[in-house]
1. Give the number of residues within the stretch 222-242 that are modelled with pLDDT of 95 or more and surrounded by 20 or more Cβ atoms within 10 Å (Cβ to Cβ).
2. Given Val168, Val129, Val143, Val113, which one is in contact with a strand residue (DSSP E or B) (Cβ under 7 Å, 6 or more places away or on another chain) and within 28 Å of Pro264 (Cα to Cα)?
3. If you check Leu200, Leu261, Leu170, which single one turns out to be within 16 Å of the ligand (Cβ to nearest atom), within 22 Å of Leu116 (Cβ to Cβ) and surrounded by 13 or more Cβ atoms within 10 Å (Cβ to Cβ)?
4. Within the stretch 206-214, is even one residue of a type outside the set (Gly, Ala, Ser) and exposed (fewer than 13 other Cβ atoms within 10 Å of the Cβ)?
5. Within the stretch 23-43, identify whether any single residue is farther than 26 Å from Leu242 by Cβ and out of contact with any His (no Cβ under 8 Å at 6 or more places or on another chain), and answer yes or no.
6. Which count do you get for residues in the stretch 108-124 that are touching a helix residue (DSSP H, G or I) at 6+ places or on another chain (Cβ under 8 Å) and either of a type outside the set (A, V, I, L, M) or without any contact (Cβ under 8 Å) to a residue 12 or more places away in the chain (or both)?
7. Give Ile103, Ile140, Ile155 a once-over and let me know the one that is within 16 Å of the ligand (Cβ to nearest atom), more than 30 Å from Thr251 (Cα to Cα) and at pLDDT 95 or above.
Amino acid sequence: MENESIIRVSVFLTIFVVMATLEALLPARKAVLARKERWVGNLSMVVLGAVVSRLLVPASLAGISLWASANNVGLFNMVSANESAVAVFVAVATSVVLFDIIIYWQHRLFHTVPILWKVHKMHHADSHVDTTTGLRFHPIEIVISLAVKAAAVAILGAPVMAIVIFEVALNGFSLFNHANIRIPQKWDDKLSWFIITQRLHRIHHSQAKDESNSNFGFSVSWWDKIFRSFKARASDSDENLLIGQSDVPPTKKNASVLSLLLQPFSKARSVNE
Ligand SMILES: [Zn+2]
């Protein structure tokens, strides 16, 4: 478990530094606000999310997995009596794929259920999309997501290895596909067969509802294709696409830590119409 934290933190820092450097050298779009005006709020959400989930969800996902395996709880613990390499591989691979489908649907529900959208809207209210946007989630969303993942781990009896792989990948992909960089269109179209690129994810951050209700995937683009929410092109170019929320203008005040935390409770238009 100690190794798990070391792996998670080092992968996180490496991808963060690489993405932030690429954004500084070759930015895809210009931000209205200065970097420090958004970054303090966005990065504070990681810390607050971790603190709140520690307080509210006492067991870690790995802890739930170990408990499930010791007590024969969950699908994989019940069906695989043996610990053969093949059985372990199948359990890890299947769990990772199923977690990804669950997170795709969780994200889709955060857009369609009005009370969940109030919480997730804070992520979409960022006036600019860069790698720190990939960390800007309201602590309530972090806790809901953790509870969903905890239930999935217990029901599946998912191995610890699957949790480590999935959490590292989910975090890494979030930093990657929110980065303010642009892959040349030809390569972007090829990569889009497999993964959600930065350009595809910016379509998800568009102010236009038909565009933001697309490209829900965090990693592979397959779920959006299978569940019919994939959008290869936006109505406007990637440079000019209107990003953010029209009722949350790009001001220093709206980017503050307190504003981010209070946003789900504000009176501003919150229906995802
Ligand atoms: Zn979203």
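1. 2
2. On the way: Val168 fails: in contact with a strand residue (DSSP E or B) (Cβ under 7 Å, 6 or more places away or on another chain); Val143 fails: in contact with a strand residue (DSSP E or B) (Cβ under 7 Å, 6 or more places away or on another chain); Val113 fails: in contact with a strand residue (DSSP E or B) (Cβ under 7 Å, 6 or more places away or on another chain).
Within the list Val168, Val129, Val143, Val113, the selection yields Val129.
3. Working: Leu200 fails: within 22 Å of Leu116 (Cβ to Cβ); Leu261 fails: within 16 Å of the ligand (Cβ to nearest atom).
Residue meeting the stated conditions: Leu170.
4. Quick first cut of the stretch 206-214, residues of a type outside the set (Gly, Ala, Ser) only: 207, 209-211, 213.
After this cut, where a residue has to be exposed (fewer than 13 other Cβ atoms within 10 Å of the Cβ) as well, the list is 209-210.
Yes, the stretch 206-214 contains a residue that is of a type outside the set (Gly, Ala, Ser) and exposed (fewer than 13 other Cβ atoms within 10 Å of the Cβ).
5. Just the residues of the stretch 23-43 that are farther than 26 Å from Leu242 by Cβ, to begin with: none.
No.
6. From the stretch 108-124, those touching a helix residue (DSSP H, G or I) at 6+ places or on another chain (Cβ under 8 Å) are 109-111, 116-124; that's our starting set.
Remaining after also requiring either of a type outside the set (A, V, I, L, M) or without any contact (Cβ under 8 Å) to a residue 12 or more places away in the chain (or both): 109-111, 117-118, 120-121, 123-124.
Looking only at that region, the number is 9.
7. On the way: Ile140 fails: more than 30 Å from Thr251 (Cα to Cα); Ile155 fails: within 16 Å of the ligand (Cβ to nearest atom).
Being within 16 Å of the ligand (Cβ to nearest atom), more than 30 Å from Thr251 (Cα to Cα) and at pLDDT 95 or above holds for just one of Ile103, Ile140, Ile155, which is Ile103.
Residue-by-condition table, conditions (1) touching a residue at least 40 places away in the same chain (Cβ under 8 Å); (2) among the β-branched types (Val, Ile, Thr):
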position: Val9; (1), (2): no, yes
position: Ala24; (1), (2): no, no
position: Arg29; (1), (2): yes, no
position: Leu33; (1), (2): yes, no
position: Lys36; (1), (2): no, no
position: Val52; (1), (2): yes, yes
position: Ala87; (1), (2): no, no
position: Ala91; (1), (2): yes, no
position: Phe99; (1), (2): yes, no
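The values are calculated or read from the model by the stated rules, or taken from the named source; none is laboratory data. Because the structure is predicted, anything quoted here is derived from the model rather than measured. Don't worry about glycine lacking a Cβ; one is built from the backbone with ideal geometry, like all the others, and counts go over all protein chains shown.
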